[in-house]
Amino acid sequence: MTVAVEFDHVSRHFGAVRAVDDVSIAIEEGGFFAMLGPSGSGKTTCLRLISGFERPTAGHVRIFGENSENVPPNRRPVNTVFQDYALFPHLSVRDNVAYGLMVKGTDRRRRQAAAEDMLALVKLDGYGARKPAELSGGQRQRVALARALVNKPRVLLLDEPLGALDLKLREAMQEELKSLQRALGITFIFVTHDQGEALSMADRVAVFSQGAIVQVGSPQDIYERPHTRFVADFVGSANVLSPELAARAGGPRHWSSLRPEAIALAKPEAARLTGTVTGTRYLGAVNRVTVAVGGDMLTIALPAVQTVPADGAEIGLTWPDGALHTMEAE
Amino acid sequence: MHSDRAPLGLKIAAFAGLAFLHAPIVLIFIYAFTTEDRTYQWPPPGLTLQWFGVTWNRPDVWQALGLSVRVATVSTLVALILGTLCAAAVSRARFFGREAVSLLVILPIALPGIITGIALRSAFNLGDISFSTITIVLGHATFCIVVVYNNAVARFRRLSGSMLEASADLGADGFQTFRHIVVPNIATALLAGGMLAFALSFDEVIVTTFTAGQQQTLPIWMLEELVRPRQRPVTNVVAMVVVIVTFLPILAAYYLTRGGSETAGGDK
């Protein structure tokens, strides 16, 4: 496997702020890679280090083995889908898509034809003559995608690509982006703060916290076997059990994580833990019930078809063997 | 509760206000047609079109008009270049003293013209620069830059930074980005700013008085005519021309920027 993008001990500091701090990672060609983290965790800065709008304070960013420090953004084999799409308001949709070819000097007929092909690929055939202002949010997003892809980049960068779309559209676009990536075979690197998006689209996820990568792995790895409390909590809000509580629950005396949906109600004699119900939140498909176990709070997700125990009820909790995951680090 | 019809008192007040503002201008227009050229007699004893012909044949009018057009054109060009560059720097870059620069650029229009005039005059004297068309242009450029700058800076703010990055990301170099993205997006703002600058320069009196040598711009010529009149209505004819020449660009600038701000840079 070729490495498309490599971070070699890369730091980017803004004064005293360590936006990216000693990040090393190799992103393989042809994959769908997610940079996941809360805002301010350094993921967007990493993306801008690849596109060339930021320069590393220390370390090297290599794109297909080549040091990129002295390559300006307009000469890198990468294209970006910007968070706000950044479409050119004075150009038609077709000219927006053809822009990259135009500045490279492709003749008018060829670039217009290429733009139309690309618009067809993102299912916007017939929209070429419109202005961006006449399109919906989802359509603009597709134009931004077509505008980047028409240049045949070796790496496509997506900065929170679905952030501005409503839920329904977001789910549809997740599917589409994934199948588009498979069909084209281009490396997709996308930045998101939405763990659901990262887990459902990417085949590898890097979790960022405070300028550093805290865990890299497949979505299953990240979700089921978080290394740290931060990952457990951020990726799908797992219960984090202190060493003491983990020991009481029958695990090793170490920080552990337990998925809310892995926990089921049990008779007190068959329970691994017992606690008192303190509140319930109805979320449609599930009820999220908070349970006080001694001084700790646990969250359990009960399917909505199941009866919810009343507040103050004493309940027993159980889970399948192996659901209690012992974390490697704190 | 709002009714669509204004109360009668308010209507009268509005008309009185408008009359107060515009009646003197109407008087100027009417006197351009009077048959009596010594005193401004009211009502005019008769109406005639002869003064238009007389004005047409006066070489001093043509000279003054020519100078005014030249000065306004060159000042506007200077203002377009310097004002745009200044606006680009202030809105695109972060540097020490940015706010101060912004304030200093706007200052000349807030400063009384007489101060600007005196300052320029003593500066020119100090630099041993003789008064000519160029010194008038320099004087006018000080306030022309402001209107261009103000228009351009507002438009630059709307030109999002990510658009320029997108252009670079798609392979455009700095010049291509400027030509294909920046210029089309600020063009109407520059046109509007340029028209306002032209109009401002065209009817400027105070700064011109201090920076002109023997030459007379059209407004200066009119002032002189009032002091020692010969063929008085000629001044009124010229006044009409000045009103039209300055009013049309301002009206055009108003319509250009109005459309632009509503669509948030959406239209050319």
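Please count how many residues of segment A:30-60 are under 28 Å from B:Asp173 (Cα atoms) and open to solvent by 60 Å² or more (accessible area, probe 1.4 Å).
4
Here are some residues: A:Ala246, A:Ala206, A:Ala310. Which one is surrounded by 16 or more Cβ atoms within 10 Å (Cβ to Cβ) and not in a helix (DSSP H, G or I)?
A:Ala206
Restrict the check to segment B:52-74 and report whether at least one residue is closer than 30 Å to B:Arg155 by Cα, in the same structural domain as B:Val137 (by TED's automatic domain parsing) and either surrounded by fewer than 12 Cβ atoms within 10 Å (Cβ to Cβ) or in contact with a His (Cβ under 8 Å, 6 or more places away or on another chain) (or both).
Residues of segment B:52-74 that are closer than 30 Å to B:Arg155 by Cα, as a first pass: B:68-74.
Narrowing the set further to residues that are in the same structural domain as B:Val137 (by TED's automatic domain parsing) leaves B:68-74.
With the extra rule that they be either surrounded by fewer than 12 Cβ atoms within 10 Å (Cβ to Cβ) or in contact with a His (Cβ under 8 Å, 6 or more places away or on another chain) (or both), the set shrinks to B:71-72.
Yes, because at least one residue in segment B:52-74 is closer than 30 Å to B:Arg155 by Cα, in the same structural domain as B:Val137 (by TED's automatic domain parsing) and either surrounded by fewer than 12 Cβ atoms within 10 Å (Cβ to Cβ) or in contact with a His (Cβ under 8 Å, 6 or more places away or on another chain) (or both).
Given the conditions (1) at pLDDT below 90; (2) open to solvent by less than 40 Å² (accessible area, probe 1.4 Å), report the number of the one that B:Pro45 does not fulfil.
All conditions are met except number (2).
Name the helices (runs of 4 or more DSSP H) wholly inside segment B:101-215 in which the number of residues that are away from chain A (no Cβ under 14 Å), over 30 Å from A:Lys104 (Cβ atoms) and of a type outside the set (Gly, Ala, Ser) is 2 or more.
B:113-126, B:133-158, B:183-202, B:206-211
Can you pull out the residues in segment A:79-100 that are at the interface with another protein chain (Cβ under 8 Å from one of its Cβ atoms), buried (at least 22 other Cβ atoms within 10 Å of the Cβ) and more than 21 Å from A:Gly163 (Cα to Cα)?
Across segment A:79-100, the qualifying residues are A:Tyr99, A:Gly100.
In segment B:199-214, how many are open to solvent by 50 Å² or more (accessible area, probe 1.4 Å), closer than 13 Å to B:Val69 by Cβ and of a type outside the set (D, E, K, R)?
Going through segment B:199-214 one residue at a time, the tally reaches 0.
State which residue is surrounded by the most Cβ atoms within 10 Å (Cβ to Cβ) when the search covers only segment A:176-193 and only residues that are charged (D, E, K, R) and at pLDDT 90 or above.
Out of the qualifying residues, it is A:Lys178.
Considering only residues that are within 12 Å of another protein chain (Cβ to nearest Cβ), of a type in the set (A, V, I, L, M), part of a loop (DSSP other than H, G, I, E, B) and more than 18 Å from A:Thr187 (Cβ to Cβ), which ones fall in segment A:121-164?
Passing the criteria: only A:Leu135.
So which residues in segment B:156-168 are touching a residue at least 40 places away in the same chain (Cβ under 8 Å) and open to solvent by less than 20 Å² (accessible area, probe 1.4 Å)?
Result: B:Phe156, B:Leu159.
Among (1) outside the structural domain of A:Ala148 (by TED's automatic domain parsing); (2) in contact with a Leu (Cβ under 9 Å, 6 or more places away or on another chain), which single condition is A:Ile189 missing?
Of the numbered conditions (1) outside the structural domain of A:Ala148 (by TED's automatic domain parsing); (2) in contact with a Leu (Cβ under 9 Å, 6 or more places away or on another chain), the odd one out for A:Ile189 is (1).
The values are calculated or read from the model by the stated rules, or taken from the named source; none is laboratory data. Only a predicted model underlies this, so the values are computations on that prediction, with no experimental measurement involved. Methodologically, a virtual Cβ is constructed for each residue, glycine included, from the backbone with ideal geometry; neighbour enumeration extends over all protein chains shown. Keep in mind that these areas ignore ligands, DNA and RNA; they rest on the heavy atoms of the full protein, side chains included. Shrake-Rupley method; radii C 1.70, N 1.55, O 1.52, S 1.80 Å.
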